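Asks: Got a structure for you, written out below as structure tokens; questions coming shortly.
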Amino acid sequence: MTQLNPAALPKVAVDFMNNDHHEAVELINTLLADIEAKEAEKVTQGLQEFLQHNTAHFAREEEQMIRINFPPYGCHKGEHERVLAELEAEIQHWQEEQDFSHLHHYLSETVVNWLVNHVNTMDSVTAMFIQRFDGAS
Ligand SMILES: [Fe+2]
Ligand SMILES: [Fe+2]
């Protein structure tokens, strides 16, 4: 069974982001298990939950970036928007084709690689700025 270990994700400097990243891993792991069990209805539901999670997770980061006047806000938000649009297109594709192996590949490769890389770069830097801002005020 393909599962991502939450410990594989780097920890950032603020807890609300770590909590969101942990939840993302759990949702991805549940989806991968349901895909492997060929549970189409659960997969459809899991995709909606993952979309809702990502929307809220990204919005929480964006709200904090505005609060601290984070200079690369536009760049980080742009990356969130790109990933949300990609997920919406994948959900559409799933609803049309119910292609388990395509969706499994998208989640276990594209999404996981993106998440690890994004947490390591944009989220880590953003978290450091939030921590410094709050420490200095
Ligand atoms: Fe994040
Ligand atoms: Fe982010």
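Asks: Are there any pairs with C-beta distances below 6 angstrom linking a residue in the range 90-110 that is farther than 19 Å from residue 54 by Cα to a residue that is crowded, with 16+ Cβ neighbours inside 10 Å, with the two at least 6 apart or on different chains, and if so which?
Replies: Filtered contacts from the range 90-110: 100/35.
Asks: Now, a different point. How about the range 64-78: which of its residues are modelled with pLDDT of 95 or more and surrounded by fewer than 16 Cβ atoms within 10 Å (Cβ to Cβ)?
Replies: 66, 67, 69, 72, 74, 75, 78
Asks: What is the number of the single condition among (1) within 27 Å of residue 128 (Cα to Cα); (2) crowded, with 18+ Cβ neighbours inside 10 Å that residue 19 does not meet?
Replies: Every condition holds for residue 19 apart from (2).
Asks: Return a yes/no flag: does the range 29-51 have any residue that is at positive phi, touching a helix residue (DSSP H, G or I) at 6+ places or on another chain (Cβ under 7 Å) and of a type in the set (S, T, N, Q).
Replies: no
Asks: I'm told residue 128 meets every condition in (1) over 15 Å from residue 28 (Cα atoms); (2) touching a helix residue (DSSP H, G or I) at 6+ places or on another chain (Cβ under 8 Å) except one. Can you identify the failing condition by its number?
Replies: With respect to (1) over 15 Å from residue 28 (Cα atoms); (2) touching a helix residue (DSSP H, G or I) at 6+ places or on another chain (Cβ under 8 Å), residue 128 is out only on (2).
Asks: Just to be sure before I move on: is residue 79 over 18 Å from residue 15 (Cβ atoms), more than 13 Å from ligand 2 (Cβ to nearest atom) and assigned to a helix (DSSP H, G or I) in the structure I sent?
Replies: So residue 79 fails the test.
Asks: Are there helices (runs of 4 or more DSSP H) fully within the range 90-137 with at least 3 residues that are under 20 Å from residue 45 (Cβ atoms) and at pLDDT 95 or above? List them.
Replies: Once the helices (runs of 4 or more DSSP H) in the range 90-137 are filtered for at least 3 residues that are under 20 Å from residue 45 (Cβ atoms) and at pLDDT 95 or above, what remains is 100-105.
Asks: Let me ask something else about it. Which numbered condition in (1) out of contact with any Asp or Glu (no Cβ under 6 Å at 6 or more places or on another chain); (2) of a type outside the set (Phe, Trp, Tyr); (3) more than 16 Å from ligand 1 (Cβ to nearest atom) is the only one that residue 43 fails?
Replies: (1)
Asks: Being part of a helix (DSSP H, G or I), in contact (Cβ under 8 Å) with a residue 12 or more places away in the chain and away from ligand 2 (no atom under 16 Å from the Cβ) is true for just one of 20, 34. Which residue is that?
Replies: That would be 34, the only listed residue that is part of a helix (DSSP H, G or I), in contact (Cβ under 8 Å) with a residue 12 or more places away in the chain and away from ligand 2 (no atom under 16 Å from the Cβ).
Asks: Which one is farthest from residue 37 (Cα to Cα) among residues in the range 82-127 that are among the small types (Gly, Ala, Ser), surrounded by 13 or more Cβ atoms within 10 Å (Cβ to Cβ) and within 16 Å of ligand 2 (Cβ to nearest atom)?
Replies: Only one residue fits best here, namely 127.
The values are calculated or read from the model by the stated rules, or taken from the named source; none is laboratory data. Since the model is a prediction, treat every value here as computed from it, not as a measurement. Neighbour counts run over all protein chains shown; Cβ positions are idealised from the backbone, glycine included.
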